[in-house]
Structure formats: structure tokens, C-alpha cells
Protein chains: 2
Amino acid sequence: MNKLEKFFNPQSIAIVGATEEAGKVGNILTKNLLELGYAGEALNHSVQGKIFLVNPKHEKLFGQKCYKNLSEIEKPVDLAIVAIPAKFVSEAVKTGIDKTKNFIIISAGFSEIGAEGKVREKELAEIAAQNNLNILGPNCLGFIIPALKLNASFAAGLPPEGDIAFVSQSGALISATLDLAVKENLRFSKIISIGNKMQMDEAEIMEYLAKDEETKVIALYLEGISDGKKFIETCQKISKPIVILKAGRTERSQKAIASHTGALAGSDLIMDAVFRKCGVIRAENLGEFFNLLEMLSRGKIPPNNSVAIVTNAGGPGVLTTDAFKNQKIQLAEFSDDLKRELKSVLPPESSVENPIDLLGDAGMERYDKVLGILGQNESIGSIIFVLTPQALTPVEKIADRIIEFGKNTAKNVTTVFIGYDQVSGSIQKMEASGLPNFLCPEEAVKALNGTRSMEHITHNTEQNINSGRREETGKILQKALDENRKALFFAEAKNIVEKYGIPTINFWTAADETVQFPAAVKVDSDKVLHKTDKQGLILDIKDKISLDEAVSKLKNNFPGENIIIQPMLPRDVELIVGLKRDPVFGPVIVAGLGGIYTEIFQIAELIVAPAGKEDIKNILLNGKLGFLFQATRGKKPYPLEKIIEIISGVQELAMESENIQEVDINPLLIYNNEKDPVAVDIKIII
Amino acid sequence: MNKLEKFFNPQSIAIVGATEEAGKVGNILTKNLLELGYAGEALNHSVQGKIFLVNPKHEKLFGQKCYKNLSEIEKPVDLAIVAIPAKFVSEAVKTGIDKTKNFIIISAGFSEIGAEGKVREKELAEIAAQNNLNILGPNCLGFIIPALKLNASFAAGLPPEGDIAFVSQSGALISATLDLAVKENLRFSKIISIGNKMQMDEAEIMEYLAKDEETKVIALYLEGISDGKKFIETCQKISKPIVILKAGRTERSQKAIASHTGALAGSDLIMDAVFRKCGVIRAENLGEFFNLLEMLSRGKIPPNNSVAIVTNAGGPGVLTTDAFKNQKIQLAEFSDDLKRELKSVLPPESSVENPIDLLGDAGMERYDKVLGILGQNESIGSIIFVLTPQALTPVEKIADRIIEFGKNTAKNVTTVFIGYDQVSGSIQKMEASGLPNFLCPEEAVKALNGTRSMEHITHNTEQNINSGRREETGKILQKALDENRKALFFAEAKNIVEKYGIPTINFWTAADETVQFPAAVKVDSDKVLHKTDKQGLILDIKDKISLDEAVSKLKNNFPGENIIIQPMLPRDVELIVGLKRDPVFGPVIVAGLGGIYTEIFQIAELIVAPAGKEDIKNILLNGKLGFLFQATRGKKPYPLEKIIEIISGVQELAMESENIQEVDINPLLIYNNEKDPVAVDIKIII
């Protein structure tokens, strides 16, 4: 049995802190449990919950016996809800350990209030660990299970029963969602407030919900993720749609970023890369979150990306088309056969291109015939019906026809009936029959697009770990550490990355007599990380005299620092390949267009390790860098396989040497002739 | 008196095509006019409209006299509405010319149906021009003026009376908007369907609305713009907010684009540039359109871009912050003084950074005190109040306090009360008092951002037209035309652009003995426009032998074509500066990052001519290319003034020589040392 089974399906609940005093959390909680049906006599539901009230100050509350503490209760308790001042919580939990393993700690006053609270939370966590408890919270609202008429929270009311599980790190958002549910037509299997996530975090709860038969869609509002690795592994195992509204997109304080890679891999972009890796559908904002839930709860997952639009309104049809810009789903390209078929049943003024415009005076006949044709067409995965109520529009009959059509097709059927008075009744009927409806075309298109963002094909991600080169690398890193350096010299970095199969540029020292021209002179110091910025780089040196001048200029500007000389190589495309270690998700590889305007172009892909070579290939080919690997406009493609090897090499380095914090290979020169890529500047930070 | 005064404020209306036959357009029209109040006896409004019915088949209709035609009517007619089959329309209009100058042609069957209809529309347009008529339509719904209880359309009902004028090229969208108005809380001064825009187009109607006292916000749904120049001039004269939902964002058929400039200047991007030029607020989609109308109709235009957020809910507060990404309005940075003041009145757990988090248990006291402080702070231009109804939230009292605050401040006050049951009453009260409310934080932020997109400061746009160089250019162009060439040779293009102050690279012919190395060899042909693509370019030639090889290779590959040789110049940043002639808006200048990946980077600005140098400067400094002109990361800025001169030069060339279709200077090499920019490749297409 799942260890949270009793937690979310309790036969009996104890409330520690129950009270009759109005306005108190313990009062709202108790009333929610006693009055909304869970403990009701007359209600017809599977569980008839038993409620035990605990409060040392009372003998009786709400007309029933009141216990001094949890241990006094003489019957089994499946779940205890604790709503007393923070300082008494640990003691109350300890007293209850023999009665139950399951606790909701409503009380605030833990890690969210600073040092004092953190101590308290640590103590509580230890009790939980030692006694194998399941604790939700602290500092949470509790949870609500509409099907059980169970509101184990201090939020008001019971939302409609349905198939969406909503897990929220914000209690306020739960209050708002409860209040909005009816209007937004959202129906819930579970609503769970996770508060401080001291112990039960998003991953553990998702794992439970993955097996929960009532739950079809897992929806989360998160501000942070507790354990990156566990999160990714959990999501990858779940086949239900997971929709996440992740707050905290803007990073206000990106002041001290040491590398280009760091600048390209903001934590929100890493989040996008993580979500892509594990097939999470990300909602951009609250409105989109609700829309995605409506779509995934009601709508079918379409069998392909191809969408047909059927409209009785030209303008709104065009607006729907517009919304397809930059989406994964696409407007279906109709075959000539299909167009011919449509043409044969529609008036000549109708458009049989996509959108199919049935015209403002369209009646049932046109809908009937067009649906007959589209129903047979397997190349179309979804149909969006756009309708405005015009003088001659039989809105209700059309809705009925679409409902019937929706029942007999594997296609996703989505409706956009734009209006209010004249369409509300039909919309309600359609929604009741399981068709998602949206107010505006763009909402429908975006939500439909979400249904196609769930793929998480992960190929073999086994990494080639090699203890020999790890050891050699370790020695080089140790030397730098011994010398109190946070960055490696070029020679050291070159030495390391070559072990990982990355071709690098040659170099000479200032004393070397064999320098070939044209050449470049660089300061090579752990203190000068941005050479271009600090003018520690002189290019295009044509002869010995200029070289000597350049070297002495740099020596002058950077006294005591290392100087190196490199050949000038022909430049075609410059890439950046780098590593950043994210505190939550670990190593992230960045591959993008490099050079001095790296941050301006922002044409980069983030790859969350471990990624197999097939995954890297897919990301490169289908992402922003895809243009490099296509033979277009007379240009030959750049060597995909060689670049994958280099990215893999950086990844292996990151995984073998955990004390490397950042790597920046920029520029990595690449060529579309036979020439190998070559790393020109290599920064390794420890 | 404005020539449309009677059109939109008629004392009497004739309906040609009136009928008692249910379901006919003429029937709906007549009923709308007779029954919704315009012609009503008992209603208390300024106009008591007279209705005349015209239909040769009847003596009487709806119990009143029916005329055979317009000329028969014995009283003055201010407006005639024509709803009869297309083929009879011209005759009906002609018969009415002596009675009125104002016509709405409802009838379809004109240019929208193809050749036959185009002939009909042309005939009608000629009648209109000869007789100085005002014709709305054909193929339109008509118009509605709620304040006059005047529905001169065949759409149903009367929307609430207010200050938004909605002009739509889609009749279906008007039907939908009418039905949605109450729900979306939109109130209208006029709703006008412009149909085929044969004569009265968006510009003419906007000009009327600019002076219309009932109208505060001008809203348009457009699929195309009739006359680009007139549109821009009209918008620039109007100080009321203009919000446009422009459909047709995606260009499906961008197959044969001759130049990079063409690829960068898609017609939708030109639309963006036009809207920016004349201060039009563009709605991205239908939802945003309605939100912008709500904001502009109710809300105040904030005095600055700085926004404070006051919330009782942490999570929704963060979501509001997130929505500020990429917006013109900004989260206010609070001064230390302000933070100290706030801190002194709030509990220690409250956040006094922006968003100000009053916490979930916030009551009136915290709102009172914080509003007292913020009301005094002039650096804040707008306040967004985010609220979720939590257990202890006095929603109504807070709403009352915000209403009071809103009445006594010049700041924009916007509310986001997230919920339904528990907040609807308060939202209605707030909206009634003139405060915009939005369902989700991101909607509020985007709509607020719209209020700050109205600036259209246009500086002196007088152009330096010089007939001397125009004539010389004309001769060069004529020579190419005589030789049946659509593109100029490099020597010709160089010769022309130099007249406009654009520095260019030198070149040698293949026979020239004075070539200096390193050099590049190019095919220079009107038939080979994309040299790189067709491998008509060989770079980095180091000596005479390689040069001879390269020349003969190109001669071989491109038999009979011109070959030129250019010096290899040092490359730093490559720009593209080009010209595209838009069929609607005329010359558009493109300035962006150039080189072979121009289309990949898409870092470009579009400048709609004529633009003064100050305007060009603002666009360059504040747009995507701004980074070039800042001294950052040790790099010196690039020469802004020199680049403005070059852009101005291309603009003057475009304005002087109207038969130049496209110009592509790519790359234009620019340097941040003393070196002048230099145009390396110049394509001029005629």
C-alpha cells in the first residue's frame, strides 16, 4: 500500500487546536470538517469520517468529547491536523506518534520567519525522520478532497469534484482558486497546500498523485523546487499531464555573473530546460494555467500536431490563425482532395483553406457536411470551432452537433464560442459533455499547444566515467587550489579539455621564438576573466616587432600576470560551450552562438545533465541552433556529430570533477569544411 | 460643421429594403430602429428619430407609410440605410441623392465576391465621388450609438452606453462584442462596422471620432489599412488613445523574398513600426484588446512608468512581479526612506520591498496606513492592488478604501481581486467607481503597459531633397533599365550611395594590376543576388596566383558575368542597412545586425519614412541595437551619428528615386575606433 494512502483517504481525523472561538484557524478547520459533509450523517459518500477534537482547555467542544492530547484518543486516528502556536507543535506531534504517522501542520512560525523558526523546523524534521512520519507543512492551509466532502484546511468551501489535483506552494492562491473554480469551470480531485515543504515536497506528492485513480491532471504552483534530481526523476516516471505555474521568472539580482555561460543560463531558463527534459507543461501565467487545466481535464490529447479551424466568422478565424505563431501545433495544410471535397458541399464564397469559413449565415447543413468530411480525415488531430452568434446562427443546434461529433472522434475538439448571453447556455452544455471552451481564440490555441508539450523521450543517458582522466584532472585542479587560484591558466584548461576529446588551439609563451603570424596576444590570468572587456587581448599581430610591443604593453597593464600568444585562426561561426552548476539541478551545459555578443544574441540551448548523445542531438537539431546543421542558401552544414562530442565531453568533465564550478569555451570556432572545431579560449573556474 | 455630423447623429433615417418578412436583414434593421428606443415615443433621450420605410412592393409596413423610393419621401432624410440585393444598390443610391448625402450600404455582393462585385463597387464609388456622398460599407453591419438608442445595424441589441468607440472590419466580431459587452464590462459611444471600406475608411472615421465628445478611447479591429500615409497622418493628429487589434500576423507565403531587407521587414513588423511611429497601442490578441479597452476606458493614464504592487497574497504578488518582464512599465524601486516608512506601520513579517506584502491576515489598518504613505509618494505612477479572499480578508471594506483612494489621486489605480463569489460584489463596485479590475495579474500589467505606449513624439521629418543628385541617380537607373537589368552593378550602386554620404569599399576589375592583398573576389551580376548562397564569393585571397585561380573559377561558374575584386577589410561588427518599399506605407528603412546570419539574429529596427534624425536616434538608442552605442564591458561605443547619417542617406535616396524598389547594404562594416563605416556589398533593385 502507498504510504500516503491513509493520509489522503483518512477514516478518522483529529484536530489539535479545535476551538469554538470564531475567527480562529482551529475554529474554521473544525467547522470545515464537521459541516461540509465529511463527518455528516445524511450524506451519501464512501467515507464517513470520524472527527476527534483535541484541546487541553476543554472537556467538550461542538457538543462532542474533547481530548487533552492525541494519545488520549481511544480509537485509531488516520490523520492529525495541528493548528496551535508554533512553539507547542513538536510536543503535540510527539504525543501523537503512537496514534498516527500522518500530520498536517497548519501552524506558521517556522522557517518562513527566520532563524528562530528554522531551529523549530529542524527539530520537527528530526522527529519526523526518527519516527517515520508523513508531515504536510508546516505553514500550510491543509488539503481538500471534494469527492470525500473532506476539507481538511482552513480555506472556505468545497470546490466541484473532478480530476485535477492542484498542489500549491501558495495558500492564498488556493483560496483564490477555490473561489474561482465554479466560474472557471475547474473541477478537482485534490487540492493540497504544501507550505514550507519541510518533508512532503512536490515530488513525493506527485508520486502519490501519479497513482491516484481520481486524478487525471497534476497541476502545481511552485516558487521553488526542493530537490532537483528527485523532481526530474519523478516527473520522468509520470505519464499523466503535469502542468506547472512556476513563479519567479524575473531575476532582479544578476549582478555578479562570472561567465558568459552564467549569463546565458539564468535560473528561469534552466527551469525551462528541466521542464522540457521531463515533459512538464509550463504555464506562462495564471490565466494560461487555468486554461491549460481546462484543456487537459476536459479535452483529448490530440493524436498529432495538425489543427483545422472551422468558423462562421471571418475576422475571428483570422485571429485564430494568428495565434499559431511560434506554437508547436500547426494549422493543417489541406490536401487538394480535402479542399475539393469541402468545396463540393459549401457555397462558393466559403473558404476551404484552413480556416474553413462557413460564412456568417451558416446553418446546420454546412456544419453537418463539413463535420462528416473532417471526421474521416486522419491527418487532422484537432478541430477548433470558432463561432460568433450572428443574426442567423442556430447556436444551440450547432453546439449539439459538435457535442455529438466530439463523442465519436479521437480528435481533440475545442470550441471558441465568442459571446455571452447568446452562447452561455450552449457553452455549458458543451463543457458538461467534456468539450473545453475558451473565450478567445488565442487561449484555445495556447492551451491546445500545451497538450503537445508533454513528450519526454529520454535516450540512454549513461555517461562514460573514466577514473584515469578524472585523477589527472584532479591533480591539475589541486595545483590551482594549492596556489589559491579560482581559475585555471590556459595551459591547464587546454590540458584538461583535451582529455575529454575537445580540440584546442596551440599557444606559445612570450619567450617562445617559434611564433607564427598573424598572432594574438592575451593575458592569461585567474584575475582577468573577461579579457575583451579589460583590454587584455591584442589581435592581428603581423610581425615580431608588433608582437614585442604588444607583449610589453600587456605586461605593463597587467604586471606579474602570465602572457600567452596564439595563432589567429580563420573565423566563420563562433560557438560558446559551457558548464554551469545549478544549486538545485546540478550541471547544466550551455551551447550557443559565441563571440563578443553572446549575451546579445541569446541564441543558446541549455542541456540539463545527464543527457545522452541522442538527446543532445535532438536539442541541437530542433532548437535555436538548428539552422547551423541545415544545408541552406548554398551553405554546407556544420559538423553536428563533432559538436555533440564536445558537448558530451564538457558534460563528462562536469560529472567527473565535481569541484569545477564553471566552464566557458568561448569562442569555439566551428567550420563547415573538413576543419575540426577548435576551442580558442577556455575558462575553468573551481 | 464636421461632414459626418449628421451621419452619426441623424434626426431621420430611411430604410431602403424595409420588410416585415422575418429573418431578412431589412426586417432586423427596421425592428432595431423602431423598437430599441431611437424612434420610441416614451423614451427620454436627446434625439427622437424619425424612420421612413422604403420598399416598392408595399404601401404600408409596420403600420406606417411605405415609400416606393427615397426621392418620394416628403421630409428631410439625414441618413439612408440600403439593404437590398447588390445589383439594385447603385440605382437606389442615385434615386436618393437629392434627399441625403449619407448612406450605409449593408448589402453584400461587392468587391468581396470577386470580379463581378468589383465592377459594381467601382460604379458605386464613382457615384459617391461625383455627388460628394458619405458611404459606409458596402458589405457592413451598419453602426450603433447606445446613447441615442440608435441601432442602425442588423446586429442584435444595444450595448451599455460609454466612452469606447469600436470600429470593426469584421461584422462577426461586432456581434460577438455586443454579446460580450456586459460580461466584459465594456461600454460604448459608437460601434461602427466598416465592411469593404469603399469610401469611408478607418482614417476618416478616426478623424471624426477624435472630435466626438462622447468618445474617450478609439478601438479598431482591422485586417488591412487602406491608405498608409493618410492613416499615419490621422493617428499622429489624434491625442485620444487608439487601440488596434490588427489581424493577419502570420505571413504564410514568404516564398520569394529577393533581399535580406525584405526578409527582415515582414509586413506585420512594418505594422509594428507604423504603430510605434504614430502612438497606436497594438493589442496582441482579442483578450488583450478587451483588457486594453477596460483599462483605457476606466483607468487613468499614469504620470510615469513606475508601478507599486500592494498584495495580501505572497504567491500572486510574485506572479505580478513576473508579468513585468519585457514591459515598458517597471516595478518601482523603493527608496530607503519609503521602505523605512512602510516598515514602521507594518508587522515585521511584511515585505516592504515591491511588491508590498501586507500578509494574508491583513485588515483595514494595514491598507489604511500603506495607502496613506503611497498617496504622498510622487515617484509612483500606478498602484496595482492584488487581493485574494482569505479567511480573514475584509474584501468589501478594502474595496471601499481603494475606491476612495482612487478618487483622490492622479495615479493609475488598478485592481486584481482574484476570485469570484467572495469578490464579485466588490469588483462591481470598484468598476462602477471607475477602477479597472482584471482576473489575473498578467492581464493588469499588460493593460497598464498599454497606457504608456501612446507616445508619438515626432521630430522634424523634413528631408533634404536634392534635384542634382536625383538626376544623376536617375541616369544610372535608366541605363540599367535600358539594359533590361533589375539590379545595379556594384560600381553603379557605389556611385549612387556615395552621393548620399555613404562611404563604400574600393574595388578593382579583374584586369586591374594594382590589386592589393588580402582580397576578395565576387561575381557582380544582376542575376546573382545572393552571392554567398550561390558561391559567387571567394574570400581571403593572399596573392596574385590565388587571385587568378579565383577569378577563373568564378568566370567558369558564372559565364559572361562581371567579376570584381575588393580588399579584405578588418571585420568587427557588421550591419545591414536597407530599404523596402511597402505597398501600403511606402519606404521603410531597415537597420540591423548584418552578415550571413542576418535572418537568424533578427536584431533589426524598422523605420517608416519620413523619419527625422532625432527620431532615428531614438529608435537606435532605445531599440534592439542600443547595445552598440553604450560603452560597456570595456568596449567603446560605435559611432551613432555616422550610422544615423547613413540611414538618413538611404532614406533620402528612397524618397528621391521612387523607382528604386529595394536597397540592401550588407555588410556595412562599422568600427568603434576612429575608422569610418564602410559599405562592402550594395544591392540596388529597381
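What follows draws every value from the coordinates through simple rules; no lab data is involved. All figures in this text were calculated on a predicted structure; none of them were measured in a lab. Because the Cβ atoms are built from the backbone with ideal geometry, glycine has one as well, and the counts that use them run over all protein chains shown.
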Expressed in whole Å with the largest first, what are the equivalent ellipsoid semi-axes of segment B:439-559 derived from the C-alpha gyration tensor as the square root of 5 times each eigenvalue?
44, 25, 15
Once you average over the residues of A:388-395, how many Cβ atoms of partner chains fall within 10 Å of each Cβ?
6
3J(HN,Hα) from dihedral phi, segment B:508-514, Karplus parametrisation 6.51/-1.76/1.60, rounded to Hz, x for glycine, proline:
10, 7, 4, 7, 5, 9, 9
Run the simple label-point estimate for residue B:116 and residue A:147 please: 7 Å along Cα→C-beta, distance reported in nm.
6.1
Under a point-charge model restricted to the Cβ atoms of Lys and Arg (+1) and Asp and Glu (-1), what is the dipole moment magnitude of chain B relative to its Cα centre, in debye to the nearest 20?
740
Pull out a ≥ b ≥ c, the square roots of the eigenvalues of the alpha-carbon gyration tensor of the protein assembly as shown, then state rounded if a/c is under 1.5, prolate if not and a/b is larger than b/c, and oblate in the remaining case.
oblate
Applying the Karplus parametrisation 6.51 cos²θ - 1.76 cosθ + 1.60 with θ = phi - 60° to the phi angles of segment A:435-452, what ³J(HN,Hα) value in whole Hz is obtained for each residue in order, glycine and proline being reported as x?
9, x, 10, 10, 5, 10, x, 5, 5, 5, 5, 5, 5, 4, 4, x, 5, 9
Ranking request for peptides B:154-166, B:281-293: highest mean number of other beta-carbon atoms within 10 Å first, then the rest in descending order.
B:281-293, B:154-166
For segment A:184-237, what number of Lys pairs, 8 or more residues apart or on separate chains, have alpha-carbon atoms under 20 Å from each other?
8
Overall dimensions of chain B as given by Cα atoms, namely Rg and Dmax in Å
31.2, 100
Hey, can you rank A:130-138, B:663-671, A:233-241 by average C-beta count inside 10 Å, highest first?
B:663-671, A:130-138, A:233-241
From fewest to most C-beta neighbours within 10 Å, the residues A:625, A:448 line up as A:625, A:448
Ordered by number, the trypsin sites (Lys or Arg not before Pro) in segment A:520-589 that occupy a DSSP loop and have at most 11 other Cβ atoms within 10 Å are A:542
Report, as an integer, the average count of C-beta atoms from other chains found within 10 Å of each Cβ along A:175-185.
6
Nearest-first distances (nm) between copies at residue A:394, label 7 Å from Cα via Cβ
5.7
Zone reached by a paramagnetic label modelled 7 Å from residue A:460 Cα along Cα→Cβ, restricted to segment A:588-619 with backbone N below 17 Å, covers A:610-618
Can you give me the distance in nm between label points at residue A:627 and residue B:512, each placed 7 Å from the Cα along the Cα-to-Cβ direction?
3.2
Looking only at lysines whose Cα falls under 18 Å of residue B:87's and that sit 8 or more positions away or on another chain, we get B:24, B:57, B:68, B:118, B:122
Taking the Cα centre of segment B:233-392 as the origin, how large is its charge dipole in debye, to the nearest 20, when only Lys and Arg (+1) and Asp and Glu (-1) carry charge on their Cβ atoms?
860
From the label point of residue B:511, set 7 Å from Cα along Cα→Cβ, how far away are the matching label points in the other copies, in nm, ordered shortest to longest?
5.9
Separation of alpha-carbon centers, segment A:459-536 and segment A:547-610, rounded to whole Å
11
Length gain on complete extension for the stretch residue B:569 to residue B:268, per 0.36 nm per residue less the alpha carbon to alpha carbon distance?
104.8 nm
Amide H of residue B:61: which non-local residues (sequence gap of 5 or more, or other chain) have their own amide H closer than 5 Å, using H built in the peptide plane?
B:66
Based on alpha-carbon centroids, what's the gap between segment A:80-114 and segment A:297-355 in Å, whole number please?
56
Which FRET efficiency value, to the nearest 0.05, do you get for residue B:184 and residue A:11 by plugging their Cβ-Cβ distance into 1/(1 + (r/R0)^6) with R0 = 56 Å?
0.75
Placing each pseudo-label 7 Å from Cα in the direction of the beta carbon, residue A:213 and residue B:129 end up separated by a distance in nanometres of 7.7
With R₀ set to 51 angstrom, the calculated FRET efficiency between the beta-carbons of residue A:618 and residue B:335, to the nearest 0.05, is 0.55
Among A:217, A:509, A:639, which residue has its Cα furthest toward the positive end of the charge dipole of the protein assembly as shown, with +1 on Lys/Arg Cβ and -1 on Asp/Glu Cβ?
A:217
Test item: A:241-249 mean partner chain Cβ contacts at 10 Å:
3
Potential lengthening between residue A:35 and residue A:491 on full extension [0.36 nm per residue; Cα-Cα distance subtracted]:
156.8 nm
Largest to smallest principal axis extent of the C-alpha atoms in segment A:506-568, angstrom:
27, 19, 19
Counting helices only, and only those DSSP H runs with n ≥ 4, report the 222 nm mean residue ellipticity of chain B as the sum of -39,500 (n - 2.57) divided by its residues, in deg cm²/dmol to the nearest 500.
-10500 deg cm²/dmol
Give the residues of segment B:533-574 whose amide nitrogen is closer than 20 Å to a point set 7 Å from the Cα of residue B:482 in the direction of its Cβ.
B:562
Eight or more residues apart or on different chains, and alpha-carbon atoms under 14 Å: count the Lys pairs in segment B:300-455 matching that.
8
Looking down the axis that turns A into B, which residue of A has the closest beta carbon, and how many Å out?
A:601, 3
Set the Förster radius R0 to 60 Å, insert the Cβ-Cβ distance between residue A:433 and residue B:365 as r into 1/(1 + (r/R0)^6), and round the FRET efficiency to 0.05.
0.75
